[in-house]
Amino acid sequence: MKLIIKQTKEEMGKLAAQHTAKLINEAIAKQGYARILLSTGASQFPFFDEIVKENVDWSKVEMFHLDEYVGISEDHPASFKRYLLDRFVNKVNPGKAYLINGQGNPEETIANLTALLNDKPVDVGLIGIGENAHIAFNDPPADFYDTRAYKVVTLDQRCLQQQIGEGWFKNVEETYKQAISMTCPQIMKCKSIISVVPYKVKAEAIYNTLTRDLTPEVPATLLKQHADCTVYCDADSASLLTDDVIKAFA
């Protein structure tokens with residue numbers, strides 16, 4: 001794992017977008033297409049502001065995303081499908097966008113997505129890290145050995161509070177308690193992983209990810225096992241890291 005820290009979230013987002021575009025363009029040059037996996041949430045705003053400006057032949061890009069609430073309508077402000085339509089799909093018009101339908105039958109949705117994923121590897125995965133260090137909606141203790149590509153999960157209280165804190169819901173009663181989530185092993189199948197993690201509320205998760213040994217209690221520690229993973233932080237999310245930790249991942 002490599003760690004890159006920029007002073008502001010805007011600088012961080014721009015650099016992460018440039019890195020992502022480079023990997024996408026390399027995949028297209030090599031094989032004629034690229035497959036990408038996208039995260040959502042407030043922490044990804046700086047990345048999406050920049051990636052849509054990059055020089056990429058988006059017609060040759062196939063897009064998946066990590067998760068969606070079970071039962072949510074795409075018209076709901078918290079829908080991740082809506083998030084991606086507004087901030088990415090409708091701006092760059094990728095060749096294919098495999099969006100998770102929260103109102104569909106979960107098992108049928110999972111079966112269809114699994115078949116699509118098994119067709120070809122994902123070249124670049126944008127994997128956020130939650131306040132509880134989850135990756136996708138794999139809250140602690142995460143299952144590092146699940147053989148499925150996606151599964152239905154029940155969200156823990158800290159995860160629900162994060163959604164409220166980011167402004168997607170007013171209170172716990174409004175939240176959706178279950179989601180379709182990509183599994184940890186499927187995330188690790190991405191050829192390259194880029195993790196964009198700004199904001200002070202992510203400082204504890206970043207500290208635990210970088211300083212703890214591999215543990216399901218800190219799901220993002222799994223990313224350190226990946227052969228090509230880069231984590232982008234701003235000064236706030238990196239604020240708990242000592243110089244020794246920063247140097248270890250430079």
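For ASN93, which of the numbered conditions (1) in contact with a Phe, Trp or Tyr (Cβ under 8 Å, 6 or more places away or on another chain); (2) open to solvent by less than 60 Å² (accessible area, probe 1.4 Å) fails to hold?
ASN93 satisfies every listed condition except (2).
Quick test for you: out of ALA42, ALA29, pick the one residue that is open to solvent by 10 Å² or more (accessible area, probe 1.4 Å) and modelled with pLDDT under 95.
Only one candidate passes the filter, namely ALA42.
Quick check on this structure: which one of LYS14, LYS53 is in a helix (DSSP H, G or I) and open to solvent by 30 Å² or more (accessible area, probe 1.4 Å)?
Going through LYS14, LYS53 in turn, the sole match is LYS14.
When PRO198 is evaluated against the numbered criteria (1) within 21 Å of SER237 (Cβ to Cβ); (2) out of contact with any helix residue (DSSP H, G or I) (no Cβ under 9 Å at 6 or more places or on another chain), which criterion, by number, is the only one it fails?
With (1) within 21 Å of SER237 (Cβ to Cβ); (2) out of contact with any helix residue (DSSP H, G or I) (no Cβ under 9 Å at 6 or more places or on another chain) applied to PRO198, the lone miss is (2).
Restrict the check to the range 97-110 and report whether at least one residue is of a type in the set (D, E, K, R), under 18 Å from VAL153 (Cα atoms) and in contact with a Leu (Cβ under 8 Å, 6 or more places away or on another chain).
No: zero hits.
What do you reckon, is ALA220 at pLDDT 95 or above and assigned to a helix (DSSP H, G or I)?
Yes: the conditions hold for ALA220.
For the range 152-184, which residues satisfy the criterion of being closer than 16 Å to VAL70 by Cα and in a helix (DSSP H, G or I)?
Selection gives CYS159, LEU160, GLN163, VAL172, GLU173, GLU174.
Picking from GLU108, GLU74, which residue would you name as being farther than 22 Å from ALA227 by Cβ and assigned to a loop (DSSP other than H, G, I, E, B)?
GLU74
The values are calculated or read from the model by the stated rules, or taken from the named source; none is laboratory data. Treat the numbers as computed from the prediction; the structure is a model and nothing was measured. Reconstructed Cβ throughout: ideal geometry from the backbone, glycine too, with neighbour counts over all protein chains shown. Each accessible area value is taken on the protein alone, full model and side chains, heavy atoms only, with ligands, DNA and RNA left out. Shrake-Rupley method; radii C 1.70, N 1.55, O 1.52, S 1.80 Å.
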